[in-house]
Amino acid sequence: MQFKSRLIHAGADRDPFTGASGIPVYMASTFDQRHAVRKDFDYTRSGNPTREVLETAVAQLENGATGLAFASGMAAISSTLLLFSPGDHLVAGRDVYGGTFRALTQLFSRLSIETTFVDSTDRQAVEQALRPQTKGIFVESPSNPLLKITNLPFIADLARENGILSIVDNTFCTPFLQRPLTLGFDIVVHSATKFLNGHSDVLAGLVIAREQETGEKLRFIQNTFGAVLGVQDSWLLLRGLKTLAVRMEAAQTGARELALRLNALPEVRRVFYPGLESHLGADIHSTQASGPGAVLSFELKSPSLTRTFLQRAELPLVSASLGGVESILSHPATMSHAAIPAEERKKLGVSDALVRLSVGLEDPEDLWRDLRRALGKQF
Ligand SMILES: *Cc1c(COP(=O)(O)O)cnc(C)c1O
């Protein structure tokens, strides 16, 4: 089946008992062991019929053996990092999500799991960071907020050659645009809070493993650590997923148009978007993903213009998060990257004049008018 059809029919597209057009929300914490037709459910932390359909669906969509749903993207990422043990060393992209950076530097470091952060777009830097104790590589592409492109097949090959795990955060692209397990990655993690659910009304995380053996280790952690996704949220995420393709296509069309127009404004110093030919790594991105996505960033001429711009914009939310039906503007320096020390932020190129825009499903012309007006342009 083509991806769009799988979105509608993956997992379970109808209730096997009644033929209902959707799977029921099994709001149950426990299951009577005597009277069930299926006896493999016993307690919802270990497995729930609604969550299981979601987990099966996302495994199919990412071409993996096992899918697992967690209470948030960070719960998914932290649970995945529990695959590692004291003394293990990790290599991670320098511009991974702020929460991932915080987990690695302030939580897993206390468990004696050390991480070296490198520019993951620089092959040599990644190779040179490997040590005998290195057990995993964690990257994100495109990265947040500068949409830097990491060569994913290179990272997957490097990990395989060294017998270590490769993990990628695929939140920005979703499996609609990029399927890293087919490029050789071992594990894909997601904040399903973003495009996968798509409606800014659920917090959720996913982990998909290419091989069942890795999947079983992760399932053990999911059940043992217990950061599972709730039943109601599993159902909402299943519903959101069905429209992923049409939402991503429409949002991407808007993002392409806005990136081009913003790029031509004198108030805008620079636009970061893999859909622009001038974007560093756009050529690599086009070989590993089928589209540039719906998130772009741009740097304005000054921090003061940035402040007034964020005050004046009316249509987009000004908030953390992305990937909703509504456009969302964010200010990385004070929001998503506030957890990263100022010194580190500077090194990453996240200036105070940088703004990130997650393009939603409004008419792009309305968005354009609003952005222009917020920049002080007259019509
Ligand atoms: C939001 C986000 C996360 C964290 O997910 P939560 O659902 O907020 O816990 C991780 N990675 C990326 C790329 C994100 O955008």
To the nearest Å², the heavy-atom accessible area per residue of the chain with 1.4 Å probe amounts to 43
Expected vector for the stretch 80-95, Karplus 3J(HN,Hα) from phi with 6.51, -1.76, 1.60 and θ = phi - 60°, integer Hz, x for Gly and Pro, equals 5, 5, 6, 5, 9, 10, x, x, 6, 10, 10, 10, 10, x, 5, 10
Kirkwood-based Rg over Rh for the stretch 275-362 (C-alpha set), two decimals? 0.99
Mind checking the dipole of the stretch 130-198: about its Cα centre, +1 per Lys or Arg Cβ, -1 per Asp or Glu Cβ, Debye to the nearest 20? 80
Of the candidates SER166, LEU300, GLY275, the farthest towards the positive dipole end of the chain (Lys/Arg Cβ +1, Asp/Glu Cβ -1, centred on the Cα centre) is LEU300
Estimated inter-spin distance, GLU257 and LYS4, nm [label 7 Å along Cα→Cβ]: 1.9
Which residue, ARG38, ARG210, ARG247, tops the fluctuation ranking in a GNM of the chain built on C-alpha contacts under 10 Å? ARG38
Protein accessible area in the chain, 1.4 Å probe - carbon and sulfur %: 52
Compute the acute angle (0 to 90°) between the alpha-carbon long axis of helix 152-161 and the principal axis of greatest extent of the alpha-carbon atoms of the chain; round to the nearest 10°. 50
Could you tell me which of LEU104, LEU90, ASN48 has its Cα farthest along the dipole of the stretch 3-241 towards the positive end, charges placed at Cβ (Lys, Arg +1; Asp, Glu -1), taken about the Cα centre? ASN48
Measure nothing fancy, just the Cα-based angle from helix 231-242's long axis to the longest principal axis of the chain, in degrees from 0 to 90, nearest 10. 60
When the charge dipole of the chain is computed with +1 on Lys and Arg Cβ and -1 on Asp and Glu Cβ about the Cα centre, the Cα farthest towards its positive end, among ASN63, GLY198, ILE187, belongs to GLY198
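Suppose every K and R has +1 on its Cβ and every D and E has -1 on its Cβ; what is the size of the dipole of the stretch 244-374 about the Cα centre, in Debye to the nearest 20?
Using only the charged Cβ atoms, the result is roughly 420 debye.
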For LYS39 and GLU277 in one chain, what is 0.36 nm times their gap in residues minus the Cα-Cα distance, to one decimal in nm? 80.2 nm
I need the peptides 257-263, 78-84, 306-312 ranked by packing, meaning the mean over residues of other C-beta atoms within 10 angstrom, with the highest value on top. 78-84, 257-263, 306-312
Per-residue [θ]222 nm for the chain (sum of -39500 (n - 2.57) over DSSP H runs n ≥ 4, rounded to 500): -10500 deg cm²/dmol
Magnitude of the Cβ-charge dipole (Lys and Arg +1, Asp and Glu -1) of the chain about the Cα centre, nearest 20 debye, reported as 460
If I fit a long axis through the Cα atoms of helix 49-61 and take the longest principal axis of the Cα atoms of the chain, what angle between them do I get, 0 to 90°, rounded to 10? 60
From the phi angles alone, apply the Karplus equation (6.51, -1.76, 1.60; θ = phi - 60°) to the stretch 177-191 and give each ³J(HN,Hα) in whole Hz, x where the residue is Gly or Pro. 9, 8, 10, x, 5, 6, 8, x, 5, 7, 9, 10, 10, 9, 8
Additional length obtainable on full extension of the chain from LYS217 to ALA342, 0.36 nm per residue less Cα span: 41.3 nm
By average Cβ neighbour count within 10 Å, what is the ranking of 143-149, 2-8, 132-138 from highest down? 143-149, 132-138, 2-8
Using a Förster distance of 41 angstrom, determine the FRET efficiency expected from the C-beta separation of ARG372 and SER290, and round it to 0.05. 0.85
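The values are calculated or read from the model by the stated rules, or taken from the named source; none is laboratory data. Here the structure is a predicted model, which means the values were calculated and not measured. Here Cβ is always computed from backbone atoms with ideal geometry, including for glycine, and neighbour counts include all displayed protein chains. In case anyone asks, the SASA skips ligands and DNA or RNA and just uses the protein heavy atoms, side chains included. Shrake-Rupley method; radii C 1.70, N 1.55, O 1.52, S 1.80 Å.
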